[in-house]
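Below is one structure, written out as structure tokens, with a few remarks after it.
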Amino acid sequence: MTSANAGWDTPETDARVEELLAQLTIDDKISLVTGEVNWDYGFYARPLDRLGIPALQMADGPAGVRINRGDVHEGRATQLPAPIALAATWDVDAATDYATVIGVECRTTDHNVSLGPAVDIARVPIGGRTFESYGEDPLLAARTGVAFVKAVQAEGVQACAKHYAINNQEDHRSSIDAVIDERTMMELYLPPFEALVQEGQVASMMASFNRVNGTFACDNSELLTDILRDRLGFRGWIMSDYGANHSTAESANAGLDQEQPGEGFWGAKLWHAWNDGEVSEETLDEKVRRILRPLIGMGQLENRTTIEDFDAEAHHDIAQSIAERSMVLLRNDGVLPLRGVRKIALIGSDVDDVTAKGGGSSQVLPTKVVSPLAGLREAFGDDVEIVTAYGSNPITPAALLPGPDAIPASFFTAPNGDKGLHADFYTSTDFSGDPLVSRTEGAAELLLGFHNFPGFNASSARYPLLPGELNNKLSVRYTGTLTVPVTGDYEVVVTSLGSYTLSIGGVVHRSKERVSGALQTSYEPVASSGAAAGVGHAAVSGFRGSVGGGGGTADAAADLDEIVFTLEAGAPYDVVFEYATDHPAFEDNWLLGAKVRLGWNPPAGVHSPDVEAATALAREADVAIIAARSYEAEGDDRPHMGLPSGQNDLIASVLASGTPTVVVLMTGSPIDTTVWGGQPNAILQAWFPGQAQGGALANVLTGVVEPGGRLPLTVPASLADTPVASARTYPGVDGHVHYDEGVLVGYRAQDAGGLEPTYAFGHGLGYTTFAYSDLSVAAGEGDAVGTASVTITNTGDRAGSEIVQVYAGKIDAPVLTPPKQLAGYAKVSLQPGESARVEVPISRRSVSYYDVDSHDFVTPAGRVEVLVGASSRDIRLTGSVAVG
Ligand code: BGC
């Protein structure tokens, strides 16, 4: 079906809206504006059958269709590469293909509203939802988002732009107040939403959890009405993010149109507010009009969504092609594409699955999976031996906790002889009752609650989820022995929200609640039965107390305690570690779950047995490929820019083996690549590459295709070069996060501050080279102030493609403006030796600033430099354009 997207907002539609509206009772109207969690459909708003108005059946989201009904295609849909990967293609055709898959799969799984795209600007490199975004630049985000919306809506499915607005961090997401000035908002954060409205005709929007300048987004009439409707001309409807509405009359009068996911402050309460005259019938009518307009205008009354087959194989191939086009080759000394290898060591926590993906509501149950191992085996056949090792503990949400990495499982031996610790999990906070779960755990670390929900959790496949009963009410006892390879001081760091008791070699340390507070228990260390003869006795040589905190879920931060144990090489030390969710923050808070980690900073040179084993495999191979991953999910930001769970040490150790090494970063946001004590021969930023990742990775590594992506965000040298540098600008102080940096985010800040990023915005290598020549700039019209024309020549010996990037230089404005801004881009594919003339329109916005007096954009007259190149820091040609 390709029903018209353009044109849902017409006078004919309005006439039909009025006809229907006239037949609605007040109860009908309340029903239309109040969502419902329907256990058959998931997110939902009730139908009005007597008038032929269908239910609104909604599915997340921006990375594929998250189907709530297990009976619909077994709940499976195509798990596409993460949205940040889509942005990295810099290719609107890729966005069209991507969103067509989503549109078709929504339509054929009985969903008429798709909860995406997310066009929030990636302000902080460690943002938990950066992977769901289109990066740091408003033009790139807008172009990608507009193509996405058009393609979804061309399938007769409404798109939903989210999260409106200024929703740029996950820590404290449901309470934080984003303090932002009008210019920054209009110039940097709202343009993608503006483009989705004006160019994409997006049908719906989602108002975010956070506050903006003191008022919750759902209560914010300036955002919802003054800006979105009156200035930007949005005529569709705005739903609340799920649980983001906090009021009845206030949000209704501010311009929110539908409360989701169910009746919280609307429903019967809204009826009473209407009855009491706090919300007028005209206000309710407006909401109904906005909801009915796309429903009618997009033909959704007549063309009902159904449950039917979609072409899963074809969609899998699209997922693979987009993954290939999105992978960014950050560095390459010539090791790629791989040639003449006979033996490959493939190392990484998830090499045998596709669980390197973002967590939270954007997660999709795949139709088919091709793991990195399967993809490489298929590509190399029997000619090449591929040996594998995990090299680290499974990656779980606990990676989001602050503090050093967990003590790796391979240092522990459980009483039954397994590697790891035996764990007994109780559903009480005092170890009473029988354990609900008893099993060997790798590391002693947990982040449960929101992150533990099935379908939200993106842990390594080999880590079985714990039952939800344990989320916010548990006690757990870990037992086993610890054996270290080097005698020395081990700084054990316990991260916890809730009390704990730690005993290593009989030396007991209790958290401060247990030492001094009411929570003290009569704890006796439990000796592990399997401990070998000559059990070691640890000496505590120092307790440094709390060393800070962090972690954001539901605003309750964990404490960090550091205890130094002096341990002898080879001696098995009995370990008992007990933890309970007995902190008051857990009471009745189902979003918050256990937060605990037994971590450490071992003496230099101590590698875990897992790392040693992986390194030994690497040593014997012609090339080592390490697929490293992060854990990223809504609800929490990453605690730092590094890889979690010992993977930095894994990479450092493999690099030191001397075997040529390719690091594949399966992450949705920037990673610090400077901490491995050396540089891998190649680094491939593969993002979260989706269900077809194995095929894509194999094709890119072997050179069947080029890695086609370019960075949609900066990889900064340090978080100190970003808003993360100060608590005031991130994550905020006393509930307020100040956007003091104004428009200087990402490459705009790097340029303005004269900083040297590790990898610049727009950067990415291919397998061939391109020359740029003969720049000319012609005058433009309308939204384009000029057109840059440049000749691009493929100077290498194989076909390839280039993203030609055009930046506008500094404008002559009375306010501080960035040294350069992305003005346009184009993708060109060329055979060896071939040239093409590429024309790129220069956007008016890139040479304008937002003037707070006139509340409008101003384009100062004058000549502006035009910079053309292969990244924001690889400018090959400059010219100028007259504007004004
Ligand atoms: C997320 C939204 C999502 C909604 C429904 C919220 O937690 O912020 O992006 O669409 O849940 O799953």
Revision key, fill the gap. Residue by residue through segment 294-306, the couplings from Karplus 6.51 cos²θ - 1.76 cosθ + 1.60 with θ = phi - 60°, in Hz, x for Gly and Pro, are x, 4, 6, x, 8, x, 6, 6, 8, 8, 6, 5, 9
Revision key, fill the gap. When the charge dipole of the chain is computed with +1 at the Cβ of Lys and Arg and -1 at the Cβ of Asp and Glu, the Cα pointing farthest to the positive end, of Val596, Ser321, Thr388, is that of Thr388
Exercise for review: Return the distance in nm (one decimal) between the two label points of a simple spin-label model at Leu51 and Ser776, each offset 7 Å from Cα along Cα→Cβ.
Suggested key: 5.9 nm
**Study point:** Relative contact order computed over the chain (Cα-Cα under 8 Å; 6+ residues apart), in percent
**Key:** 14 percent
Practice item. May I ask you to list the lysines whose Cα is less than 16 Å away from that of Lys29, ignoring any residue fewer than eight positions away on the same chain? Key: Lys269, Lys287
**Study point:** Simple Cβ-charge dipole of segment 746-884, Lys/Arg +1 and Asp/Glu -1, about Cα centre, in debye nearest 20
**Key:** 200 debye
Study note, to complete from the structure: Neighbours of Val370 by Cβ distance under 14 Å: Lys/Arg at +1, Asp/Glu at -1, summed charge -4
Review point. Can you list, bin by bin at 5 Å, the percent of alpha carbon pairs in segment 570-609, starting at 0?
Key: 5, 14, 17, 19, 13, 11, 10, 9, 3
Check your understanding: Does segment 293-405 come out rounded, prolate or oblate, given a ≥ b ≥ c as the square roots of the eigenvalues of its C-alpha gyration tensor, rounded meaning a/c under 1.5 and, failing that, prolate meaning a/b above b/c?
Key -> prolate
Review point. Hey, how many Å between the Cα centroid of segment 770-827 and the Cα centroid of segment 146-164?
Key: 28 Å
Check your understanding: About its Cα centre, how strong a charge dipole does segment 112-236 have in debye, to the nearest 20, once Lys and Arg get +1 and Asp and Glu get -1 at the Cβ?
Key -> 300 debye
Check your understanding: Quick one: Karplus J couplings for segment 267-277, per residue in order, coefficients 6.51, -1.76, 1.60, θ = phi - 60°, nearest Hz, x for Gly and Pro?
Key -> x, 4, 5, 5, 4, 5, 4, 5, 4, 7, x
Study note, to complete from the structure: With DSSP loop assignment and no more than 14 other C-beta atoms within 10 Å, the chymotrypsin sites (Phe, Trp or Tyr not before Pro) in segment 555-593 are Trp590
Check your understanding: How big is the charge dipole of segment 318-408 about its Cα centre, in debye rounded to the nearest 20, if each Lys and Arg gets +1 on its Cβ and each Asp and Glu gets -1 on its Cβ?
Key -> 200 debye
Point to revise | Residue-averaged [θ]222 nm for the chain, counting only DSSP H segments that reach four residues, each worth -39500 (n - 2.57) | key: -5500 deg cm²/dmol
Review point. Of the listed peptides 755-768, 695-708, what is their order by residue-averaged count of other C-beta atoms within 10 Å, with the highest listed first?
Key: 695-708, 755-768
Study note, to complete from the structure: Checking rank on 500-510, 358-368, with mean other Cβ inside 10 Å and highest first, the result is 358-368, 500-510
Revision key, fill the gap. Whole-percent carbon and sulfur contribution to the accessible surface of segment 773-860 (1.4 Å, no ligands, DNA or RNA) stands at 48 percent
Study note, to complete from the structure: Residues meeting the amide H criterion for Leu684 (H placed from the backbone, H to H distance under 5 Å, 5 or more places apart or on another chain) are Leu330, Val663, Val664, Leu665
Check your understanding: What Kirkwood hydrodynamic radius, in Å, does the chain give when the mean of 1/r is taken over all pairs of distinct Cα atoms and then inverted?
Key -> 28.3 Å
Check your understanding: Which one of Pro435, Ser221, Pro860 is farthest out on the positive end of the charge dipole of the chain, using unit charges on Cβ (Lys, Arg +1; Asp, Glu -1) and the Cα centre as origin?
Key -> Pro860
Revision key, fill the gap. If each K or R counts +1 and each D or E counts -1, the residues other than Val864 whose Cβ falls under 13 Å of its Cβ total +3
Review point. With the dipole of segment 235-291 worked out from charges on the C-beta (+1 for Lys and Arg, -1 for Asp and Glu) around the Cα centre, which of Trp237, Trp274, Gln258 lies farthest toward the positive end?
Key: Trp237
**Study point:** Residues of the chain: accessible area per residue with a 1.4 Å probe, Å²
**Key:** 32 Å²
**Study point:** Accessible surface of segment 207-290, 1.4 Å probe, proportion on carbon and sulfur as whole %
**Key:** 45 percent
Practice item. Kindly identify segment 184-302 as rounded, prolate or oblate by the Cα gyration tensor criterion: order the square roots of the eigenvalues as a ≥ b ≥ c, call it rounded if a/c is under 1.5, otherwise compare a/b with b/c, prolate if a/b is larger, else oblate. Key: oblate
Check your understanding: Normalised by the residues of segment 605-745, what does the relative contact order come to in percent, with Cα pairs under 8 Å and at least six apart?
Key -> 19 percent
Review point. Taking a label point 7 Å from the Cα of Arg231 along the Cα→Cβ vector, which residues of segment 720-756 have an amide N closer than 15 Å to it?
Key: 743
**Study point:** Mean separation of Cα contacts under 8 Å, 6 or more apart, over the residue count of segment 89-164: relative contact order %
**Key:** 47 percent
**Study point:** Ranked by how many other beta carbons lie within 10 Å on average, peptides 667-677, 130-140 from highest
**Key:** 130-140, 667-677
**Study point:** Cross-link reach list, lysines versus Lys357, counting only Cα pairs under 24 Å and skipping chain neighbours closer than eight places
**Key:** Lys162, Lys368, Lys595
Exercise for review: Would you pull out the residues with amide H under 5 Å of Gln158's amide H, same chain only if 5 or more places away, H placed 1.01 Å from N?
Suggested key: Val113, Ser114
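Could you tell me which GluC sites (Glu not before Pro) in segment 249-346 are loop residues by DSSP with no more than 14 other beta carbons within 10 angstrom of their beta carbon? Intermediate values should be presented prior to the final figure.
Working: sites: Glu250, Glu259, Glu263, Glu278, Glu281, Glu282, Glu286, Glu302, Glu308, Glu313, Glu324; in loops: Glu263, Glu278, Glu302, Glu308.
In loop regions of segment 249-346 (DSSP not H, G, I, E or B), the sparsely surrounded GluC sites (Glu not before Pro) are Glu302, Glu308.
Of all accessible surface on segment 1-111 at a 1.4 Å probe, what whole percent is carbon and sulfur?
Carbon and sulfur: 49 percent of the exposed surface of segment 1-111.
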**Study point:** DSSP beta bridge pairing in the chain, given as percent antiparallel to the nearest 5
**Key:** 75 percent
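The values are calculated or read from the model by the stated rules, or taken from the named source; none is laboratory data. Computed from a predicted structure; not experimentally measured. All Cβ positions, even for glycine, are placed from backbone atoms using ideal geometry, and neighbour counts span all protein chains on display. In case anyone asks, the SASA skips ligands and DNA or RNA and just uses the protein heavy atoms, side chains included. Shrake-Rupley method; radii C 1.70, N 1.55, O 1.52, S 1.80 Å.
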